[in-house]
Amino acid sequence: MESLLTDIDHVAIAVHDLDAAVAWYAETMGAKVVHREDVVSDGVREALIRVGDSYIQLLTPTRADSTVAAFLERRGEGLHHVGYRVANCSEALDAVRASGARVIDEVPRPGSRATTIAFVHPTTSFGTLIELVEESVSTSSTHQ
């Protein structure tokens with residue numbers, strides 16, 4: 001079987017204070033934010049820091065009922081999920097589901113940076129929440 005995964009898109013870290021996290025990465029690592037966005041549908045605000053062809057995605061909740069707010073309440077700050085790039089999110093999601101894995105999204109949906117995304121439940125991926133990320137043509141051109 002050929003790999004569905006083409007690259008690591010991002011590593012997501014849930015934080016209570018986005019500005020403090022951004023400042024820490026800037027002061028400690030010299031890292032700069034290349035993209036900020038509120039993902040209203042998920043109730044989160046993100047800041048992306050480029051690392052090679054991938055990102056560190058710093059996430060903070062914008063409302064109390066978001067999954068990131070629940071994560072922070074249960075586990076505190078830290079690694080939230082890993083995003084893997086795929087050529088076709090719908091096909092990748094179908095393949096994951098066909099393998100018997102539990103998925104969170106039954107169909108792909110819009111993500112930040114004009115991407116198409118779907119999540120795989122951590123109970124079937126060894127405790128790690130996985131995000132499948134299909135880049136739009138305009139987004140993928142920024143990685144070259």
**OP:** Identify the residue in segment 48-98 that is touching a Lys or Arg at 6+ places or on another chain (Cβ under 8 Å) and not in a strand (DSSP E or B) and, among all such residues, is surrounded by the most Cβ atoms within 10 Å (Cβ to Cβ).
**Re:** ALA69
Original post:
Within segment 69-98, how many residues are under 13 Å from HIS16 (Cα atoms), free of Cβ contacts under 8 Å to residues at least 12 places away in the same chain and among the hydrophobic types (A, V, I, L, M, F, W, C)?
Top reply: 1
Original post:
All but one of (1) in contact (Cβ under 8 Å) with a residue 60 or more places away in the chain; (2) open to solvent by less than 30 Å² (accessible area, probe 1.4 Å) hold for ALA101; which doesn't?
Top reply: (1)
Subject >> First in segment 22-36 and more than 17 Å from LEU59 (Cβ to Cβ), second anywhere and of a type outside the set (Gly, Ala, Ser) and in a helix (DSSP H, G or I), Cβ under 7 Å, 6 or more apart >> reply: none
**OP:** Identify, by number, the condition in (1) of a type in the set (Asp, Glu); (2) over 21 Å from VAL137 (Cβ atoms); (3) within 14 Å of the chain's Cα centre (by Cα) that ASP7 doesn't meet.
**Re:** (2)
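Checking the structure you have, find out if any residue of segment 116-134 is touching a helix residue (DSSP H, G or I) at 6+ places or on another chain (Cβ under 6 Å) and either surrounded by fewer than 12 Cβ atoms within 10 Å (Cβ to Cβ) or in a loop (DSSP other than H, G, I, E, B) (or both).
yes
The values are calculated or read from the model by the stated rules, or taken from the named source; none is laboratory data. Not measured: the values here are computed from a predicted model. Positions of Cβ are backbone-derived with ideal geometry, glycine not excepted, and every protein chain shown enters the neighbour counts. Ligands, DNA and RNA are excluded from the accessible area calculation, which covers all protein heavy atoms including side chains. Shrake-Rupley method; radii C 1.70, N 1.55, O 1.52, S 1.80 Å.
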